[in-house]
Amino acid sequence: MYEPKPKLRKEYQQQENQQVEHSATLAQTFRDLKSLTVDLAYFHPGRFARHSQIKYTVNLANAKSRFRFSCPNEQCVGGDFDLSAALAKAVAAHQTTLTGEVTCQGWRCQTAVGQMRCHHILRYKLSAEYAQDKPSAEHGQTAGSQGNGDCEHHERHRLELVNV
Ligand SMILES: [Zn+2]
């Protein structure tokens, strides 16, 4: 009988780091993305108090398109917050802001593997700017109706749990 041992936190991290290492940079992946600012707030499971908050401007030339953030729970096994898909979608739609919430699906600690999820929460706000100039002229289009508010319906499904 062979049962694979649950992976240790370190192994998960190594695996994760390799995947991040091998992904392209944001600048390579999203050519028309000019700047990206992230505003992150971490919360303990089941508590309202904010654990920590960080805001910074992403260096697009260095940051990887596998866009993820570590879990604030130091005991967490296999968990993190991966915003790659959300970011890719937002950039594809040229959304200037994107807010949302993700829950860590790792395990709370080494002895809780297979039993208790970590469930730390990350609330994020991404602010993006895009290149305006297009290589070939597109005439007949005015930017008259491109207010931020027009993105509402795109963001709807991601916004449900936010803005408390
Ligand atoms: Zn976690």
Test result for GLY46, of a type in the set (Gly, Ala, Ser) and crowded, with 18+ Cβ neighbours inside 10 Å: no
Pair list, Cβ under 6 Å, 6 or more apart: region 68-82 residue closer than 13 Å to TYR12 by Cβ and among the β-branched types (Val, Ile, Thr), other residue outside any strand (DSSP E or B) and more than 8 Å from the ligand (Cβ to nearest atom): VAL77/ARG9; VAL77/GLN110; VAL77/VAL113
Hits in region 113-125 - residues which are exposed (fewer than 15 other Cβ atoms within 10 Å of the Cβ) and either more than 12 Å from the ligand (Cβ to nearest atom) or closer than 25 Å to VAL58 by Cα (or both): GLY114, GLN115
Wholly within region 1-92, helices (runs of 4 or more DSSP H) carrying at least 3 residues that are touching a helix residue (DSSP H, G or I) at 6+ places or on another chain (Cβ under 9 Å): 84-92
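Just checking, which of VAL38, VAL77 is β-branched (Val, Ile, Thr), within 30 Å of GLN110 (Cβ to Cβ), within 15 Å of the ligand (Cβ to nearest atom) and surrounded by 14 or more Cβ atoms within 10 Å (Cβ to Cβ)?
When all the criteria are applied, what remains is VAL77.
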Subset tally (residues that are over 10 Å from the mean Cα position of the chain (by Cα), crowded, with 19+ Cβ neighbours inside 10 Å and closer than 18 Å to GLN28 by Cβ) for region 80-107: 2
Checklist (1) over 11 Å from the mean Cα position of the chain (by Cα); (2) touching a residue at least 60 places away in the same chain (Cβ under 8 Å); (3) crowded, with 16+ Cβ neighbours inside 10 Å applied to LEU60, failing item: (2)
Subset of region 118-133 [more than 19 Å from the chain's Cα centre (by Cα) and modelled with pLDDT of 95 or more]: none
Check on GLN110, in contact with a Leu (Cβ under 8 Å, 6 or more places away or on another chain) and within 14 Å of the ligand (Cβ to nearest atom): yes
Selected residue (criterion: modelled with the lowest pLDDT) from residues of region 1-53 that are farther than 27 Å from ALA90 by Cα and of a type in the set (D, E, K, R): GLU3
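The values are calculated or read from the model by the stated rules, or taken from the named source; none is laboratory data. No experiment lies behind these values; they were computed from the predicted model shown. Here Cβ is always computed from backbone atoms with ideal geometry, including for glycine, and neighbour counts include all displayed protein chains.
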